[in-house]
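Below is one structure; the comments refer to it alone.
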Protein chains: 2
Amino acid sequence: MTEPVTTVTHPFDAAVELDYTGDGRFTGHTSPAYNNMVGPFGGATAATLLHAVELHPDRLGAPLSITVNFAGPITDGPFDITARAVRTNRTNQHWSLELTQDGVVATTATAVFGLRRDTWTDTEDERPTTPQPADLERTDFPEFIMWPRNYDMRFVEGDVPGEGASESPSSTSTLWLRDEPARPLDYAALTSMCDAFYPRVFLRKGQYVPAGTVSFTVYFHADDAEIAAQGTDHVLATAHTARFGRGYFDQHAQLWGTDGTLLATSQQIVYFK
Amino acid sequence: MTEPVTTVTHPFDAAVELDYTGDGRFTGHTSPAYNNMVGPFGGATAATLLHAVELHPDRLGAPLSITVNFAGPITDGPFDITARAVRTNRTNQHWSLELTQDGVVATTATAVFGLRRDTWTDTEDERPTTPQPADLERTDFPEFIMWPRNYDMRFVEGDVPGEGASESPSSTSTLWLRDEPARPLDYAALTSMCDAFYPRVFLRKGQYVPAGTVSFTVYFHADDAEIAAQGTDHVLATAHTARFGRGYFDQHAQLWGTDGTLLATSQQIVYFK
């Protein structure tokens, strides 16, 4: 007697799942597993928008960049995405996307996909030197936030401030990060991971304050082979803020592969009180 | 007899000049003074798109971020811009823009404008320590590129590679930069200045190669008062690349005011051969 084959959908695949209804239109549904304090985790939303382009029949090549603007709240439930290839060139393609609920725009995005060619290559920045994931403790996030449960996070520095935490002179967090349960890396997962840093103002102030991403950009440095080579290993993720001021701060992040490949660089501007 | 009053339009104001024709539509014209090797300087195009929102009758507040995607070439001549307020919230407003010529999309953009509130503020990054502009030589760019003539650029490091230049181990350029002739800083000028770095690959390779910006983002940290305080002084601009690979590289930039204010952070992903 052979064991029955059970196919279990990974929570991340369920979160970014879309139905194509033709003419650049998709329908999806928020995933309770990726809930944030209010509405879905922005990384999952960004990944879903990227995935819409991946699924589009006219898509050319692999992601080069995506910018996601969080224009308004997303309510738990179904949503619609429209993806429009604004211009297709010989080696790249420019996309405009909108996520709506009941016809109201909640999120907009632009993305560039393209073909890569062999050129001179060099990674000028250096990956931070850190202990290995197995030598670090896994961080538990507060129970009222769902989405971090889908990540195995092991902080090297700048762990989530606990009760009675003091202010920190540095906004830098560096951590090893992978999907929980483990899942082979792809561009959508990498997009989400670029947003997996808790707000830098929490770290500096040693406390939680209202904060939310306004605009979020990912530049994909890794090609298909480098994404595949990463497999299910932890990614080394590091982020910091240059300036907090008058209601907004920036965040600059790098995500590195286990073999030292710079997989992605990412930026976001965040509202805070 | 009194002297006649002559009002001379600054070349930058001429470059970003737009006519509003109603319903979110504008017409403009490329400026020969801001020509690049092929088509207009991307910084001027980005500034023009930002300026369209500034001129729009429904605009709320000041710029927080803009992302510009250079989808195709812009031909010398007239162009159309459409600016649509996708969503207006209580304190911020999300914009989608397209620049077209003869109905063909050449450039897309998204922008976030908003109101600023007083909050805790801190600039965590430090401005590079450099000599003063007056103690540095002004750089002359090659004659066949027009747009740099509109800038007074004084390099601290990473000057434009001359004939017979060797490869550089660093992609970092740091320079003092202002409009030429001098012009009081505004958000549009700051946007353009964020793109005023020549391609980082030129510096690393010690030679010119085909290169062009694909996507460009500016986060505005300065508020109206800080922009006004800068006046016509030089801005300290610094940029570097994290990774060059398979046809694309990233560029991360900071623009600092003379008084140590971090005015803007900016990123771009650039195609190269």
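Numbers for the structure displayed
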{"item": "Mean separation of Cα contacts under 8 Å (6+ apart) over length of chain B, as relative contact order %", "result": "17 percent"}
{"item": "Binned Cα-Cα distances of the protein assembly as shown, short to long, each 10 Å bin given as a whole percent", "result": "3, 18, 30, 28, 14, 4, 1, 0, 0, 0, 0, 0"}
{"item": "Interchain or long-range residues, amide H under 5 Å from B:HIS29's placed H", "result": "B:PHE79"}
{"item": "Per DSSP, loop chymotrypsin sites (Phe, Trp or Tyr not before Pro) in the stretch A:132-198 with at most 13 further Cβ within 10 Å", "result": "A:PHE144"}
{"item": "Per principal axis, descending, Cα span of the stretch B:154-231 in whole Å", "result": "44, 26, 21"}
{"item": "Calculated label separations, A:ASP140, copies of the chain, 7 Å along the beta-carbon direction, nm", "result": "7.0"}
{"item": "Rounded if a/c under 1.5, otherwise prolate or oblate - the stretch A:79-194, Cα gyration tensor axes", "result": "oblate"}
{"item": "Trypsin sites (Lys or Arg not before Pro) within the stretch A:48-106, DSSP loop, no more than 11 other Cβ atoms inside 10 Å", "result": "A:ARG90"}
{"item": "Across the identical copies, how the A:SER166 labels are spaced - nm, sorted shortest first, 7 Å along Cα→Cβ", "result": "4.9"}
{"item": "Number of partner chain Cβ atoms within 10 Å, mean per residue of B:77-86", "result": "1"}
{"item": "Residue-averaged beta-carbon neighbours from other chains (10 angstrom radius) around A:233-241", "result": "1"}
{"item": "Once the Cα gyration tensor of chain B is diagonalised, semi-axes √(5λ) in Å", "result": "28, 22, 21"}
{"item": "Computed over the stretch A:135-268: relative contact order in percent, which uses C-alpha pairs under 8 Å that are six or more apart", "result": "24 percent"}
{"item": "Calculated from backbone phi, Karplus (6.51, -1.76, 1.60) coupling profile of the stretch A:90-96 in Hz, x at Gly/Pro", "result": "5, 10, 8, 8, 9, 10, 10"}
{"item": "Ratio Rg/Rh, restricted to the stretch B:119-273 and using Cα atoms, in which Rh is the Kirkwood radius", "result": "0.95"}
{"item": "For the stretch A:182-271, projected area of the alpha-carbon convex hull averaged over all directions, nm²", "result": "6.0 nm²"}
{"item": "Within the stretch B:1-106, GluC sites (Glu not before Pro) in DSSP loop having at most 16 other beta-carbon neighbours inside 10 Å", "result": "B:GLU17"}
{"item": "Inter-copy spacing of A:GLU17 label points, which lie 7 Å from Cα along Cα→Cβ, given in nm from shortest upward", "result": "5.8"}
{"item": "Residue-averaged beta-carbon neighbours from other chains (10 angstrom radius) around B:89-101", "result": "3"}
{"item": "Distance histogram for the stretch B:1-141 (every C-alpha pair counted, 5 angstrom bins, percent rounded to whole numbers)", "result": "2, 8, 16, 16, 14, 13, 12, 10, 6, 2, 1, 0"}
{"item": "Kirkwood estimate for the stretch B:21-63, i.e. one over the average of 1/r between Cα atoms, Å", "result": "11.7 Å"}
{"item": "Computed magnitude of the charge dipole of chain A (debye, nearest 20; Cβ of K, R +1, Cβ of D, E -1)", "result": "920 debye"}
{"item": "Distance between the stretch A:199-273 and the stretch B:26-57 - C-alpha centres, whole angstrom", "result": "31 Å"}
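Every number here is computed from the coordinates shown, using simple stated rules; none is lab data. Owing to the predicted nature of the structure, the values given are computational and were not obtained by experimental measurement. Here Cβ is always computed from backbone atoms with ideal geometry, including for glycine, and neighbour counts include all displayed protein chains.
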